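K.L.:
Encoded as structure tokens, here's the structure I'll be asking about.
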Amino acid sequence: MELLTYAAVVVAVLLGVAWYLSYNAARLDRLHTRAEGALSALDAQLVRRAEATLELANSGAVDPATALMLAGAASDSLEAHNERALEDDLLEGQSFGAREGLESDLTAALQAALTPDVVAEIRAEDAAGAAALQRVEGAGVRVQLARRFHNDAVTDVRRVRRKAVVRLFRLAGHADLPRTVEFDDELPPAVRD
């Protein structure tokens, strides 16, 4: 009878360990999926911001030199996105590569172009320009939120992957460790007012 009791206890313990490992593997998979989805959402918001910037540049609301600067930065951002779209895996390596610098450049161009005087003039005199400016502002806010959501998801994945049980039993498999996306996404002060 004692042998049967020990066998039942061992089977129960093994089933508990198997359930625990399965639970952690499924949780880690969900977190990786969340991080990949957040990266895709961030990518979409960056495209929308670049398109809104191009619309502002082409609206005639800003002077030609400023329009050229904005259009160049927005075109570089869109071109980097389109080059990635030609690849087989858009999320390869969970990174943006050189795009982070391009997105910071677009932010810098927006900050240089949209001074308080320019924003006030656009809002007062040009309805089409004011609408384009509003789309740039909305897209900029969505980029900030999407980047924050992505970085939070990556932080959660990294926290779970640091656990000893995840490392010991290789529950992450061969999945790449995602990394945060860091670039300047601050809206020009005049646009936020």
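The values are calculated or read from the model by the stated rules, or taken from the named source; none is laboratory data. Nothing here was measured: the structure is a model prediction, and the numbers come from that model. Note that we place each Cβ from the backbone using ideal geometry, even for glycine, and neighbour counts take in every protein chain shown. Note: areas computed on protein heavy atoms with side chains; ligands, DNA, RNA excluded. Shrake-Rupley method; radii C 1.70, N 1.55, O 1.52, S 1.80 Å.
K.L.:
Within region 109-120, which residues are in a helix (DSSP H, G or I) and surrounded by 15 or more Cβ atoms within 10 Å (Cβ to Cβ)?
P.N.:
ALA109, LEU110, GLN111, ALA113, VAL118, VAL119
K.L.:
If you don't mind, another one. Only residues in region 52-65 that are of a type in the set (A, V, I, L, M) count as the first member; pair them with residues that are open to solvent by 10 Å² or more (accessible area, probe 1.4 Å) and not in a helix (DSSP H, G or I), Cβ under 6 angstrom, at least 6 apart or cross-chain, and list the lot.
P.N.:
That search, which allows pairs on different chains as well, returns ALA61/ASP126.
K.L.:
Give me a count of the residues in region 1-44 that are of a type in the set (D, E, K, R) and crowded, with 17+ Cβ neighbours inside 10 Å.
P.N.:
3
K.L.:
Within region 104-130, work out how many residues are more than 14 Å from LEU70 (Cβ to Cβ) and either of a type in the set (Asp, Glu) or free of Cβ contacts under 8 Å to residues at least 24 places away in the same chain (or both).
P.N.:
Adding up the residues that qualify gives 7.
K.L.:
For VAL166, indicate whether it is farther than 22 Å from ASP185 by Cβ, open to solvent by less than 50 Å² (accessible area, probe 1.4 Å) and part of a helix (DSSP H, G or I).
P.N.:
yes
K.L.:
Another question, if that's okay. In region 52-70, what residues are open to solvent by less than 20 Å² (accessible area, probe 1.4 Å) and closer than 19 Å to ARG99 by Cβ?
P.N.:
Answer for region 52-70, where residues must be open to solvent by less than 20 Å² (accessible area, probe 1.4 Å) and closer than 19 Å to ARG99 by Cβ: ALA52, THR53, LEU70.
K.L.:
Which one of these is surrounded by fewer than 14 Cβ atoms within 10 Å (Cβ to Cβ) and of a type outside the set (Asp, Glu): ALA172, ALA190, ALA146, ALA127?
P.N.:
None of the other options fit; the residue is ALA127.
K.L.:
Is it the case that some residue within region 66-86 is outside any helix (DSSP H, G or I) and at pLDDT below 95?
P.N.:
Yes, region 66-86 contains a residue that is outside any helix (DSSP H, G or I) and at pLDDT below 95.
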